[in-house]
Amino acid sequence: MPQHPRSDPREIPDPAGGRARNPRRLLLPVSLCLLLGGCASNTSWGWYVINPMTPNGWTNVKFLISGMGATILVSAIAAAISIFLGLIVALPGLSANRWIRLPSRIYVEFVRSIPLLPMLFWVFYGLPIVLKSMGISFPIDPFWGAIITLAISDSAFTAEIYRAGIQSIARGQTEAAQTVGLNYIQTMRYVILPQAIRRILPPLANQFIYIVKMSAFASVIGMQELTRRANELVVTEYRPLEIYTLLILEYLVLVLAISTFVRWLERKMGSDERG
Amino acid sequence: MTGPAIEMAGVNKWFGDFHVLRDISLTVGQGEKVVICGPSGSGKSTVVRCINRLEAHQTGTIRVDGIELTDSAASIRAIRSEVGMVFQQFNLFPHLTVLENLMLGPVKARGLGRREAEARARHYLDRVRIPEQADKRPGQLSGGQQQRVAIARSLCMEPKVMLFDEPTSALDPEMISEVLEVMTGLARDGMTMVVVTHEMGFARRVADSMIFMDAGEIVETGPPEIFFSAPRSDRCRKFLSQILHH
């Protein structure tokens with residue numbers, strides 16, 4: 001049986017030598033050194049480009065941050081659609097009848113397999129042609145192109161989250177609801193979903209963070225969001241290091257704000273449920 | 001209505017290849033109390049679950065109050081509105097208060113006004129003798145209290161028939177009697193009841209007729225005086241000796 005060299009006890013070289021032979025291990029320390037070294041010396045960093053104390057720097061910062069609204073708006077609308085669409089896709093997927101289950105499975109497997117960027121191109125450049133041939137004139141601008149793509153792409157994942165959450169509620173709950181006369185929609189609305197939502201919320205929040213980050217792709221179809229703004233500024237200022245660093249920090253702030261909000265929401269619902 | 005409350009004739013059911021119910025035929029008269037017993041896996045719970053369509057039977061007929069139970073949603077709805085059910089695991093809704101548990105069915109399924117539904121809920125909570133627990137969550141109650149809430153929840157739908165699927169099997173011993181007392185009271189008031197249970201003392205006191213099931217079929221039926229003193233079949237005698245002398 002072939003053995004992995006590192007699991008072979010006869011061959012333990014000195015640790016430093018082993019590390020040196022694996023370049024991937026150096027990735028983190030080296031990049032950290034570069035980053036910190038860059039901060040310490042003024043030769044490779046030019047913070048003036050986004051220094052809010054100077055008029056030009058302040059203009060640049062305002063320009064970069066002005067993409068925040070579009071990023072938030074696109075992400076929020078896409079997430080709202082995805083949360084709704086995911087439920088619509090998930091419910092038939094829970095049916096006992098395999099022919100009702102099938103379309104839901106196909107949708108999830110199909111949508112899940114499409115990378116975001118090709119889907120964005122297809123929706124932005126291709127979908128208007130499809131719609132036109134069907135006699136529908138709906139011009140897709142970058143804003144709606146991004147929303148449609150993000151919402152559909154994400155809905156496959158939210159559907160799976162709903163499915164897992166609903167399946168985790170004991171079958172006896174559905175049976176009890178049936179015996180007090182509730183129909184399917186009432187059972188979901190008053191009995192199953194209120195219980196499932198507490199378990200669904202954390203992974204759903206994860207998906208929202210995912211949408212916020214993926215919205216950066218919308219820059220390639222010309223959406224004026226955070227990443228697009230950064231790209232445009234880099235082209236005029238030639239300071240990619242500083243500008244992209246700020247861009248990353250902008251996403252960090254956004255995601256941390258969402259996490260904090262969700263943490264609060266979870267606590268609120270969790271304490272509601274206790275007892 | 002003068003016909004029988006429940007009529008099952010030649011009912012068969014399979015779970016895949018497993019023949020769970022074999023030619024089940026039984027009649028439950030209006031106001032009659034029937035106790036079903038038998039070893040685990042004998043199909044006794046399945047019989048009860050077929051009566052309100054938590055499980056679908058494959059052949060034979062089931063009638064409740066003259067309505068035949070078919071695949072049609074209308075017949076299922078009609079029958080479920082006449083049949084209350086109490087589960088072994090209570091199956092209360094944990095996210096709702098006791099009062100909300102009792103009001104959900106009447107308000108959402110029957111369209112009863114909230115005030116009327118609340119009055120009804122409080123009435124039945126009185127009847128199961130826990131009016132003071134109305135605003136608590138199920139998780140704050142003992143098992144016996146939870147099961148009494150579950151009984152009250154069924155009664156709020158004002159059913160003609162009550163089904164009990166091992167209602168005391170999940171309870172600690174000291175809580176069994178409080179649930180059985182409520183059930184005995186219900187029986188005294190004339191409710192038609194089908195009870196799957198191993199509580200033979202309750203069966204002796206309350207049952208009009210006993211049914212013993214084994215391996216998916218009804219092996220023996222009869223009034224409790226004869227059933228307990230002179231069981232005809234070996235299987236029934238063996239089962240009774242096991243659960244009565246342990």
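Coordinate-derived values only; no laboratory data. Note that the structure is predicted; figures quoted are calculated from it, not measured. Glycine gets a Cβ as well: all are built from the backbone with ideal geometry, and neighbour counts include every protein chain shown.
The C-beta contact set for segment B:48-60 (first residue closer than 17 Å to B:MET193 by Cβ, second residue of a type in the set (Asp, Glu) and surrounded by 22 or more Cβ atoms within 10 Å (Cβ to Cβ), distance under 6 angstrom, 6+ apart or interchain) comprises B:VAL48/B:ASP165. Name every residue in segment A:218-275 that is within 14 Å of another protein chain (Cβ to nearest Cβ) and not in a helix (DSSP H, G or I), in order of residue number. Listed by number, the residues that qualify are A:ARG274, A:GLY275. Out of all the residues in segment B:197-246, which are of a type in the set (S, T, N, Q) and assigned to a helix (DSSP H, G or I)? Scanning segment B:197-246 gives B:SER229, B:SER241, B:GLN242. When residues in segment B:61-85 are screened for being within 17 Å of B:PRO4 (Cβ to Cβ), within 12 Å of chain A (Cβ to nearest Cβ) and without any contact (Cβ under 8 Å) to a residue 12 or more places away in the chain, 1 of them pass.
Let me confirm something: among A:SER155, A:SER133, which residue is more than 14 Å from every other protein chain (Cβ to nearest Cβ) and without any contact (Cβ under 8 Å) to a residue 24 or more places away in the chain? A:SER133 is the lone residue from the list that is more than 14 Å from every other protein chain (Cβ to nearest Cβ) and without any contact (Cβ under 8 Å) to a residue 24 or more places away in the chain.
Residue-level check: of (1) assigned to a helix (DSSP H, G or I); (2) in contact (Cβ under 8 Å) with a residue 12 or more places away in the chain; (3) within 14 Å of chain A (Cβ to nearest Cβ); (4) in contact with a helix residue (DSSP H, G or I) (Cβ under 6 Å, 6 or more places away or on another chain), B:LEU125 misses just (3).
Would you confirm whether or not segment B:35-50 contains a residue that is more than 14 Å from chain A (Cβ to nearest Cβ), under 17 Å from A:GLN178 (Cα atoms) and surrounded by fewer than 15 Cβ atoms within 10 Å (Cβ to Cβ)? Checked segment B:35-50: no residue is more than 14 Å from chain A (Cβ to nearest Cβ), under 17 Å from A:GLN178 (Cα atoms) and surrounded by fewer than 15 Cβ atoms within 10 Å (Cβ to Cβ). Residues that are farther than 24 Å from B:GLY29 by Cα, of a type in the set (Lys, Arg) and more than 11 Å from chain A (Cβ to nearest Cβ) occur at least once in segment B:143-163. List every residue pair whose Cβ atoms lie under 7 Å apart, where the two residues are 6 or more positions apart in sequence or sit on different chains, the first residue falls within segment B:91-104 and is farther than 12 Å from B:ARG122 by Cβ and more than 7 Å from chain A (Cβ to nearest Cβ), and the second residue, located anywhere, is part of a helix (DSSP H, G or I) and of a type in the set (A, V, I, L, M, F, W, C). Close Cβ pairs satisfying both conditions: B:LEU92/B:VAL149; B:LEU92/B:ALA150; B:LEU96/B:LEU104; B:ASN101/B:VAL149.
When each of A:ILE161, A:ILE221 is tested for being farther than 20 Å from A:MET119 by Cα and hydrophobic (A, V, I, L, M, F, W, C), the lone residue that passes is A:ILE161. Filtering segment A:167-176 for residues that are in a helix (DSSP H, G or I) and more than 14 Å from chain B (Cβ to nearest Cβ) leaves a non-empty set. For B:SER45, the criteria (1) part of a helix (DSSP H, G or I); (2) without any contact (Cβ under 8 Å) to a residue 40 or more places away in the chain hold in every case but one, which is (2).
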